[in-house]
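Heads up: the structure comes next, in structure tokens.
The values are calculated or read from the model by the stated rules, or taken from the named source; none is laboratory data. Quick caveat: nothing in here was measured; it's all calculated off a predicted structure. Calculation scope for accessible area: heavy atoms of the full protein, side chains included, ligands and nucleic acids excluded. Shrake-Rupley method; radii C 1.70, N 1.55, O 1.52, S 1.80 Å.
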Amino acid sequence: MSNHPYERLAALTHYVIARTPPDQLGATKLNKILWWVDCESYRRWGRSLSGLESYLRLQNGPVPIGGREAIAVLKARAAIAEQSVPTPAGNRRQFYSLSEPPVSVFSAEEIDLINQVINSVCRMTAVEASDASHDVLWEETPQFAQMPVSAGSVAVRETRPDDLAWAQRELARLSL
């Protein structure tokens, strides 16, 4: 591997392309897989797998900064190929792996996470994946602005009664 600035992103992108059936992976779903892998990685381990700190907020959801460059590097190395395929919803940028990705750059736990996200996203259409990425962070981020992976890693959940009771006890304790 060379010392390209997006080397880690290229390795992750290659792995996703190699492990996803081409007819289930266009650019939209690829971008969502990368985003969710990075956000979950940050949630679990305090860092993104791609090495990116932010993604760009575009109309169809978060897009990796340097994603085009990573794809170009992989094509130049003859590691992947891309084809425009007509679908009922329009043309899909379909990706094919031409070689095995460099899996040694990822731990077994990281590979497991990537595979989980691939399996989850493959069950969705591109529109469903795009819609699912339109969360509070995406809604509050202006078009073409950066979306920090750290902010995307925050899991918004309903407040449970026992959480509220704990907070009230802590507030009472601190108010003494």
Note to self: Can you divide the C-alpha Rg of region 75-176 by 2.2 N^0.38 Å and report the result to two decimal places?
What the structure shows: 1.66
Next item on the list: Find the accessible area per residue for region 1-86; the probe is 1.4 Å, ligands and nucleic acids are left out, and the unit is Å².
Entry: 43
Item checked: Cα long-axis angle, helix 161-174 against the chain (0 to 90 degrees, to the nearest 10) -> 50
Margin query: Under the rule of at least 5 residues apart or a separate chain, name every residue whose amide H is placed under 5 Å from the amide H of residue 54.
Written below: 149
Check: Taking a ≥ b ≥ c as the square roots of the eigenvalues of the Cα gyration tensor of region 89-131, is the shape rounded (a/c under 1.5), prolate (a/b larger than b/c) or oblate?
Finding: oblate
Next item on the list: Mind pulling the angle between the C-alpha long axis of helix 27-45 and the longest principal axis of the chain? Nearest 10 degrees, somewhere in 0 to 90.
Entry: 40
Item checked: region 1-152 - percent of accessible surface contributed by carbon and sulfur, probe 1.4 Å -> 52
Note to self: If each residue of separation counts as 0.36 nm, what is the full-extension length gain between residue 103 and residue 169 once their alpha-carbon separation is subtracted?
What the structure shows: 19.0 nm
Next item on the list: Starting from the eigenvalues of the Cα gyration tensor, five times each then square-rooted, give me the equivalent ellipsoid semi-axes of region 1-46, largest first, whole Å.
Entry: 19, 16, 8
Margin query: Given a 10 angstrom Cα cut-off, can you work out which residue in 146, 59, 24 is the most mobile in a GNM of the chain?
Written below: 59
Notebook entry, point to check: Between (1) 1.22; (2) 1.17; (3) 0.99, which matches Cα Rg over 2.2 N^0.38 Å calculated for the structure shown?
Noted result: (2)
Margin query: If I build a Gaussian network model for the chain, linking alpha-carbon pairs within less than 10 angstrom, which residue out of 104, 120, 130 has the largest mean-square fluctuation?
Written below: 104
